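Asker: Below is a structure I'd like to ask you about.
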Amino acid sequence: MSDSVRLFRNVPLKSRNTFGVPAFAPLLAEVDDASVLPDVLASANFRDHPPLVIGGGSNLLFVGDPQVPLLALTGNRVTVVAEVHDAAILRADAGTTWHALVMESLALGLCGLENLALIPGTVGAAPIQNIGAYGVEVGEFIHRVEAFAPATGEWHYLSATDCAFAYRDSLFKRESGRFIITAVEFALPRNFSPRLSYAGISAQLASAGVSNPTAQDVAAAVVAIRRSKLPDPTLIGNAGSFFKNPILPAAQASALQDANPSMPTFATGSDATRKVSAAWLIDACGWKGRRNADAGVSESHALVLVNHGAASGLELYELAREIAGSVRKRFGVALEPEPRLIGAIW
Ligand code: FAD
Ligand code: EPU
């Protein structure tokens with residue numbers, strides 16, 4: 001096998017998931033150069049077992065051990081591949097750290113990704129749930145996604161339309177396992193159009209004394225807000241928001257808001273639906289800061305489940321079910337997990 005492939009057996013995964021829960025993988029292949037993927041996947045270890053791809057492990061919960069080999073793409077080259085009018089096409093390998101890409105794009109004078117600063121994980125995972133924060137979703141800036149399909153042995157170049165991006169959703173999430181994303185190309189403008197409407201950004205800029213922000217200023221403001229709100233996974237295990245914000249028929253959202261005027265709701269792009277705040281629903285049920293042994297709900301954000309140290313994936317899963325049950329009982333709203341559950345179904 002090529003020099004760019006490293007194979008490991010019986011691999012502990014505690015340090016490879018940001019919840020920090022224990023799990024073991026039967027086999028892990030780290031692949032630097034994605035062009036060797038067809039050979040790796042045709043080899044005896046993978047032929048009958050399509051792999052589970054793992055990036056930074058920041059949107060996964062190991063409820064049980066994975067039963068298939070793991071694949072980690074570790075290439076991290078970032079290159080400007082084309083200049084188009086007032087934009088550039090920036091290509092990044094799947095293994096590039098997401099925040100490093102954001103910072104590098106800004107250093108190159110390219111805009112668009114600043115509101116997505118400090119999201120953990122890798123470039124290859126970003127299209128999976130169409131990562132979003134502070135009024136921006138990554139799909140808006142994706143030119144095309146390079147991916148390998150293990151079942152057919154074919155390479156694909158998917159446009160943003162092909163990817164069918166939606167809120168925390170994409171073709172890749174709906175057809176999990178069909179594609180291994182090996183690189184992403186972003187179309188990034190050189191002219192900066194600030195996106196400051198999400199609650200808190202303007203106030204953060206003002207408190208930093210910035211009145212005419214650059215893209216770097218916006219990234220710094222987003223980083224400061226995120227640090228103040230979200231627990232740091234290097235200090236306390238978590239996977240960010242554990243549930244998606246539910247999208248409800250407009251009439252149901254409106255009835256819920258009439259009964260609960262302080263509950264925030266958000267536009268979805270369609271008059272027929274409205275997104276409601278899962279954090280508010282969970283907080284209203286009294287969960288913030290509570291814990292069952294070491295599986296708990298963050299004291300700083302009700303949507304974030306945390307591992308106080310020795311929680312198992314199963315304990316976090318059981319806590320999540322309890323939370324969702326209480327929200328359904330009190331508000332009639334079904335919560336869906338955001339992270340990929342390994343070894344359990346919702
Ligand atoms: P992993 O957790 O390793 O994998 C996630 C899923 O993607 C899995 O199904 C995996 O199989 C699949 N996958 C990963 N790489 C590939 C690939 N190359 N090809 C095919 N499939 C692949 N998310 C947001 O959208 N917005 C936020 O604001 C946000 N804030 C967060 C804050 C914190 C503190 C944490 C811990 C998480 C947050 N997240 C947020 C979630 C997470 O950071 C993102 O979902 C991120 O994209 C996951 O990247 P990863 O590399 O860690 O993916
Ligand atoms: N709120 C509460 N209690 C809390 C926290 C928040 O009631 O403990 C209410 C507040 O009214 C607040 C509102 O919820 O105004 C929204 O909170 P926040 O701005 O933190 O956003 P969110 O809807 O909880 C979403 C994303 C985050 C993303 C932020 C910023 C989802 C599931 N989560 O959180 O993404 O960073 O917006 O855009 O859409 C992630 O996906 O992992 C993630 C962290």
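The values are calculated or read from the model by the stated rules, or taken from the named source; none is laboratory data. Bear in mind the structure is a predicted one, so any value in this text is a computation, not a measurement. As a convention, Cβ positions derive from the backbone with ideal geometry for all residues, glycine included, and neighbour counts pool all protein chains shown.
Asker: Taking into account only those residues within the stretch 267-285 that are assigned to a loop (DSSP other than H, G, I, E, B) and in contact (Cβ under 8 Å) with a residue 12 or more places away in the chain, which is nearest to S228 (Cα to Cα)?
Answerer: S277
Asker: Another one. Take the stretch 168-223 and flag every residue that is surrounded by 15 or more Cβ atoms within 10 Å (Cβ to Cβ) and touching a Cys at 6+ places or on another chain (Cβ under 8 Å).
Answerer: S170, L171, F172, L188, P189, F192, A215, listed by residue number.
Asker: Also: Exactly one condition in (1) part of a loop (DSSP other than H, G, I, E, B); (2) without any contact (Cβ under 8 Å) to a residue 24 or more places away in the chain; (3) within 21 Å of the chain's Cα centre (by Cα) is false for K288; which is it?
Answerer: Evaluating K288 over (1) part of a loop (DSSP other than H, G, I, E, B); (2) without any contact (Cβ under 8 Å) to a residue 24 or more places away in the chain; (3) within 21 Å of the chain's Cα centre (by Cα) leaves (3) as the failure.
Asker: State which residue pairs qualify: first residue surrounded by 22 or more Cβ atoms within 10 Å (Cβ to Cβ) and inside the stretch 304-319, second residue of a type in the set (S, T, Y) in any location, beta carbons under 6 Å apart, and separation of 6 or more residues or different chains.
Answerer: So the pair list comes out as V304/S298; V306/S298.
To keep it simple, each residue is scored yes or no on (1) acidic (D, E); (2) at pLDDT 95 or above; (3) over 28 Å from E318 (Cα atoms); (4) within 9 Å of ligand 2 (Cβ to nearest atom).
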residue	(1), (2), (3), (4)
A187	no, yes, yes, no
S193	no, yes, yes, no
A199	no, no, yes, yes
A221	no, yes, yes, no
R226	no, yes, no, yes
P231	no, yes, no, no
A253	no, yes, no, no
A279	no, yes, no, yes
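Asker: Determine, yes or no, whether D232 is acidic (D, E), surrounded by fewer than 17 Cβ atoms within 10 Å (Cβ to Cβ) and either part of a loop (DSSP other than H, G, I, E, B) or outside the structural domain of R91 (by TED's automatic domain parsing) (or both).
Answerer: yes
Asker: Looking at the stretch 222-240, is at least one residue at positive phi and out of contact with any Pro (no Cβ under 9 Å at 6 or more places or on another chain)?
Answerer: no
Asker: Same structure again: Being at pLDDT 95 or above, over 24 Å from the mean Cα position of the chain (by Cα) and buried (at least 21 other Cβ atoms within 10 Å of the Cβ) narrows it down to one residue among L41, L61, L90, L37; which is it?
Answerer: L41
Asker: When only residues in the stretch 248-266 that are in a strand (DSSP E or B) and surrounded by fewer than 19 Cβ atoms within 10 Å (Cβ to Cβ) count, which is nearest to the chain's Cα centre (by Cα)?
Answerer: F266
Asker: Which of the strands (runs of 3 or more DSSP E) contained wholly in the stretch 38-123 include at least 1 residues that are touching a residue at least 24 places away in the same chain (Cβ under 8 Å) and farther than 30 Å from A151 by Cβ?
Answerer: It comes to 78-84, 87-93.
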